[in-house]
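What follows is one structure encoded as structure tokens, with my remarks underneath.
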Amino acid sequence: MESGYKTYFECLVIRSFLQDAYDFLSPSEFNYSLPSITLLDIDLQSKICDLVYENEVKEAKFGKPMLWIGIYIAVASLFCVLAMAADLLHGLRNKKLWFPSKYFTLNAASIMVITVAMKLPVDLNDPMPGWLDIFAKLASMPFMTTMMANLMPSLASMDDKKLFENVIGLLILVITIVVNVSIQIHTGVVENLTLTYIYIGAMLYLLIVLTSVALTAPVSKQILENKYQAAHKLVSKDMHRRMSTVEELIQCVRRYSIMAGTSSPQFVVATTPLCSAAGIICICSTIIYFYDVLTLIIYGISYYKRLGEHNYYKLFLEYDSDYKWSVVGIFLIQSVGIVVGTIHSIFRCFAPLSFKLSLKWCKKHTKILKVEMYWLQKLFEWKDIHLVLPIGSRTLKALVHNLNHFIIRVCTGFQMVIVVSCKTIALIPIGIVIIGVVGPFSRRITNLNLVIQTY
């Protein structure tokens with residue numbers, strides 16, 4: 001802003017000099033080797049001063065609040081990171097390595113904070129040409145992907161009304177981000193198109209998966225409640241029949257502890273193929289992000305070397321946007337948030353294997369084309385609802401009912417595709433565990449055969 005005022009002041013000085021020269025010097029007093037000063041020259045200089053004021057002074061004046069907006073974005077991002085870190089510590093302290101969502105949950109407050117944290121990718125007006133500006137804008141999309149994957153277990157803790165409201169709120173936010181980023185791609189503001197398309201695809205896929213979980217969560221809670229009541233009756237009968245020793249009492253307490261731990265609605269959602277697939281998408285997004293950041297850093301250092309500059313830290317201080325130094329905080333905080341959220345996702349991917357890994361379980365979960373009834377039960381219930389319409393025409397009523405059934409059939413087919421795709425992606429951690437278990441065992445068998453052949 002100071003440089004804008006300085007340029008404007010210099011422009012006014014030149015205009016004043018031209019005006020004084022025109023007023024006090026007659027044409028005969030001019031050196032005829034120099035061009036004479038006319039009213040047209042003074043008018044042209046006045047217009048230049050006006051342009052400088054509009055483009056330099058006013059723009060700098062209106063861009064002054066952007067620094068505080070950047071700080072606001074950094075603080076909102078920090079709240080999200082602290083909430084995810086608190087869930088991480090809570091899970092480690094209670095030895096729940098599927099990390100239940102206690103602090104970072106989907107509600108009106110969290111959606112508002114996430115909306116503020118996502119200001120950079122939806123900013124259509126402010127150019128961000130500097131290295132750090134690019135880093136900060138780049139970090140926001142994988143940060144959003146990480147937060148969406150971490151919010152998924154919290155859907156199981158809501159009633160139907162809150163679930164619907166919160167999912168709609170998140171849907172509006174994600175669609176807004178995707179549309180604004182698409183506009184920036186079309187206008188050439190975003191240059192790294194491949195990476196941006198990957199992040200857009202990841203956000204949209206996670207949004208669809210999250211909606212699919214929201215459809216299944218109420219049914220899963222009901223099934224879980226019925227199973228818990230049945231198990232509670234069975235354990236209660238066994239407890240009354242066998243409580244003669246301390247060991248049997250300890251065994252009953254352990255059974256109740258296992259029932260309480262595995263009957264959590266969040267645990268059920270966290271161990272589904274949908275949550276595992278969301279975790280894998282989040283992990284892939286994080287790997288791509290840090291690979292791209294590392295590539296940009298290496299390219300920046302090589303560029304500085306060609307210029308003969310050895311102070312490479314200046315690469316991380318090169319910001320040209322109106323957000324100024326606040327982009328440093330945004331980039332660092334959101335990058336830390338990506339790491340923290342990815343730790344959640346890694347453990348949640350392997351959470352089902354740590355509790356249920358067996359040959360029977362692996363065989364069941366490799367049947368990826370089988371879609372269980374509870375994934376579709378909510379949609380079937382909607383299909384059976386008879387719509388009461390204030391329409392007199394039977395033809396119009398029949399048309400509305402047929403349209404309703406058609407939409408539900410399409411949603412049912414879409415739900416089946418999502419479940420099958422998530423089961424396919426969820427095979428990745430199963431394959432990793434099988435390779436990790438079978439690989440060393442097969443090597444031992446091979447070594448044993450070599451020893452036998454030697455003797």
Integer Hz, Karplus 6.51/-1.76/1.60 couplings in order for the stretch 197-206, x for Gly and Pro: 5, 4, 5, 4, x, 5, 5, 5, 5, 5
Per-residue Cβ neighbour rank within 10 angstrom, fewest leading, I346, I73, I280: I346, I280, I73
Ranking of K370, K137, K96, K383 by count of other Cβ atoms within 10 Å, fewest first: K370, K383, K96, K137
3J(HN,Hα) from dihedral phi, the stretch 401-410, Karplus parametrisation 6.51/-1.76/1.60, rounded to Hz, x for glycine, proline: 5, 5, 5, 4, 5, 5, 4, 5, 5, 5
Exposure proxy ranking, count of Cβ atoms within 10 Å, fewest first, for V213, V327: V213, V327
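Since every read-out is calculated from the coordinates, none of them should be taken as a lab result. Quick caveat: nothing in here was measured; it's all calculated off a predicted structure. Positions of Cβ are backbone-derived with ideal geometry, glycine not excepted, and every protein chain shown enters the neighbour counts.
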